[in-house]
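To start, the structure under review is shown below, and the notes come after it.
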Amino acid sequence: MTKESHGFVVTSDIFNGLTIDTDEQDLSTEENFEPKLADAIPQWKGEGIRGLWVKIHLAHSFVVPVCSKLGFDYNHAQSGYVMMTKWLPDEEENKLPEYANQFLGVAGFVLNEKKELLVIRERFSVIQSKPWKLPGGLADKGEDLAVTARREVVEETGIEAEFVSVLGFRHQHNFRFGCSDWYFICLMKALTTEIKHCPQEIAECKWISIEEYLSDPHLTEANKFFVQCYLNQQKNGGLTISPTLIDSWNKKTQHNIYAVHPLPKEFNPHHGH
């Protein structure tokens, strides 16, 4: 709910916090901002407000040192703004949530009609041997796993592919910028076969048999494991992890829930036995 409070336009939340968006304030007289905020903070504290958030847009960067002086700290920054926060209760531990601390990566385990695997060699790699790996990358905001997998595969290799299921996922910590990282491997069915790799990102791209891929001495242990996940799936009855759209609590949206289901018959070697 947006309202006026002690000279500021603020938005309240269900946790008894307030957000000040600099785009919604009268900042025509910059020198008035500091004393007005300094006066408002103890009043909000007395009213039981627990947390303050200040969204500072690039055009109002002068607000940053003011907030720092008054005890605010950085929470996160995005293109065009920085968010600063201040916890008010003296008797409670700071409960303001930190910003997103996980990356989400997706790779395509793409098979053609010959059951050959689509693999790439990156143009730039942290591993000196530049091993053959699966095409993939980071998910964009608001992107489902299947959408990311299709997009990354076609961007890197030119191959159109259809999502079938999740084969497995890895969770590692202390990744980029100290964040954790989720890496989902998606079983996919190739819809085209002609490779047109992206020269800016990919050095080489090819179809390879599973046996040849596993025999590569430079193959990482993680990719060996993901191949074994696929082989086990084929051997043990074809169960898979796939999404089902389920209504949200307020019935306004739907979300994917991933659970164990039978593998589609074209990928299930036991179908019809």
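The values are calculated or read from the model by the stated rules, or taken from the named source; none is laboratory data. This is a predicted model, so every value here is computed, not measured. A quick note on method: Cβ atoms are made from the backbone with ideal geometry, for glycine too, and the neighbour counts reach across all protein chains shown. Accessible surface areas use protein heavy atoms only, side chains included; no ligands, DNA or RNA. Shrake-Rupley method; radii C 1.70, N 1.55, O 1.52, S 1.80 Å.
Within the straight-line cut-off of under 24 Å between alpha carbons, the lysines reachable from residue 235 are 114, 115, 133, 189, 224, 265, sequence neighbours fewer than 8 places apart in one chain being disregarded. Backbone amide hydrogens, once placed in the peptide plane, bring residue 109 within less than 5 Å of 186, 187, 188, excluding anything fewer than 5 places away on its chain.
Note on the chain: Rg/Rh from Cα positions, Kirkwood definition for Rh, rounded to two decimals, is 1.13. Bridgeable lysines around residue 3 (alpha carbons under 20 Å apart, same-chain partners fewer than 8 residues away excluded): 36, 45, 55, 86. Here residue 246 sits with roughly 70 square angstrom of accessible surface, probe radius 1.4 Å. Can you give the accessible area per residue of the stretch 101-195, in Å², using a 1.4 Å probe? That works out to 50 Å² per residue. Compared with the dominant principal axis of the Cα atoms in the chain, helix 33-46 is inclined by about 90°.
The listed residues 258, 81 rank as 258, 81 when sorted by accessible area, largest first, using a 1.4 Å probe. Give me the log10 of I(q) over I(0) for the stretch 1-138 at q = 0.22 Å⁻¹, as the Debye formula computes it from C-alpha points; what are the numbers? So the normalised log intensities are -1.44. Under 5 Å from the amide H of residue 117 lie the amide H atoms of 208, 209, 210, each residue being 5 or more positions distant or on a separate chain, with H modelled from the backbone and absent for Pro and chain starts.
At 1.567 mPa s and 4 °C, plugging the Kirkwood radius over alpha-carbon pairs of the stretch 105-255 into Stokes-Einstein gives what diffusion coefficient in µm²/s?
Working: Rh = 16.2 Å.
Value of D from the Cα-based Kirkwood radius: 80 µm²/s.
Hey, could you get me the Stokes-Einstein D for the stretch 14-75, Kirkwood radius over alpha-carbon pairs, 20 °C and 1.002 mPa s, rounded to whole µm² s⁻¹? Intermediate values should be presented prior to the final figure.
Values: Rh = 12.3 Å.
Calculated translational D: 175 µm²/s.
When the Cα positions of 238, 65, 100 are compared along the charge dipole of the chain, 238 comes out farthest toward the positive end, with charges on each C-beta of Lys, Arg, Asp and Glu.
Largest accessible area first, the residues 255, 76 order themselves as 255, 76 under a 1.4 Å probe with ligands, DNA and RNA left out. Restricting attention to the chain, close to 75% of DSSP beta bridges with both partner residues there are antiparallel.
For the listed peptides 117-127, 195-205, a ranking on the average number of other beta carbons within 10 Å per residue, highest first, reads 117-127, 195-205.
So how do 13, 73 rank on accessible area, 1.4 Å probe, biggest first, that is with the largest at the start? Please report the intermediate quantities before stating the final value.
Working: 13 55, 73 95 Å².
I get 73, 13, largest accessible area first.
Under a Cβ-only charge scheme (Lys and Arg +1, Asp and Glu -1), can you give me the dipole magnitude of the chain about the Cα centre, in debye to the nearest 20? Each step should come with its number before you reach the end.
Working: 27 positive and 38 negative charges, 207 e Å.
The calculated dipole for the chain is roughly 1000 debye.
Which FRET efficiency value, to the nearest 0.05, do you get for residue 32 and residue 100 by plugging their Cβ-Cβ distance into 1/(1 + (r/R0)^6) with R0 = 22 Å? Write down the numbers at each step before the final one.
On the way: r = 34 Å, r/R0 = 1.55.
Efficiency, rounded to the nearest 0.05: 0.05.
Give me Rg over Rh for the stretch 103-187, both radii from the alpha carbons and Rh done the Kirkwood way, two decimal places.
Numbers: Rg = 12.9 Å, Rh = 13.4 Å.
Using only Cα positions, Rg/Rh for the stretch 103-187 is 0.96.
Give me the percent relative contact order of the chain, please, defined on Cα pairs under 8 angstrom at least 6 residues apart. The normalised contact order for the chain reaches 13 percent. Against the chain, whose longest principal axis comes from its Cα atoms, helix 145-157 is set at around 60 degrees. The sum of -39500 (n - 2.57) across all DSSP H runs of n ≥ 4, divided by the residue count of the chain, sets its helix-only mean residue ellipticity at 222 nm to -6000 deg cm²/dmol.
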